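Novice: I'd like to ask some things about the structure below.
Quick note: the coordinates plus some simple rules give every number you see, no bench work behind them. Source: prediction; values computed, not measured. All Cβ positions, glycine included, derive from the backbone under ideal geometry; neighbour counts span all protein chains shown.
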Amino acid sequence: MEELSDKTKQLAYTDKLGIVMEEATPERVVASMPVEGNTQPDGFLHGGATTSLVETLASIGAALVAGWPDRVVMGQQQTCNFISTATSGHVRGVATPVHTGRTTHVWDVDVTSVETGKRIAAGRVTMAVRDRRDSGATSAQG
């Protein structure tokens, strides 16, 4: 878990969004993100930033369950229902598994306002789970 958390901290994209990991276990992944810097022109939390938070948490959870780094995960489908919005403060995403199979996972992610507790979005992500492929160095020679 610590190795995956360290890897996540190195990612420029999550850093750019200001995502801060709070908890990461195979049963639950929690992180927060500031609204400021992640808004659309009218000052509302941007849907793309919200869906990025949703997919990040589902990906980390799936990776923990799947056995990263030997197995890798990647998003196949995401749906996100925007229930409300935020114009300031922070939002928190909480991801929990719905299904953790050998080749696919499904994770639900609820996004709420840290300050008000109001639900902002409800997301669901389907993840592909695969064995990590060889770097290709040996197959290129053969």
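Novice: State the number of residues belonging to segment 18-43 that are among the polar types (S, T, N, Q), touching a Leu at 6+ places or on another chain (Cβ under 7 Å) and either at positive phi or part of a loop (DSSP other than H, G, I, E, B) (or both).
Specialist: Total meeting the criteria: 1.
Novice: Additional query: I'd like the residue in segment 66-84 that is surrounded by 14 or more Cβ atoms within 10 Å (Cβ to Cβ), touching a Lys or Arg at 6+ places or on another chain (Cβ under 9 Å) and touching a residue at least 40 places away in the same chain (Cβ under 8 Å) and, out of all such residues, is nearest to G117 (Cα to Cα).
Specialist: Checked segment 66-84; the qualifying residue nearest to G117 (Cα to Cα) is C80.
Novice: Then there's this: I'd like the residue in segment 48-59 that is surrounded by fewer than 24 Cβ atoms within 10 Å (Cβ to Cβ) and without any contact (Cβ under 8 Å) to a residue 60 or more places away in the chain and, out of all such residues, is nearest to R102 (Cα to Cα).
Specialist: S52
Novice: Let me confirm something: among G37, G43, which residue is in contact (Cβ under 8 Å) with a residue 12 or more places away in the chain, surrounded by fewer than 15 Cβ atoms within 10 Å (Cβ to Cβ) and in contact with a helix residue (DSSP H, G or I) (Cβ under 9 Å, 6 or more places away or on another chain)? Spell out how you get there, then give the answer.
Specialist: Working: G43 fails: in contact with a helix residue (DSSP H, G or I) (Cβ under 9 Å, 6 or more places away or on another chain).
Every option except G37 fails the conditions.
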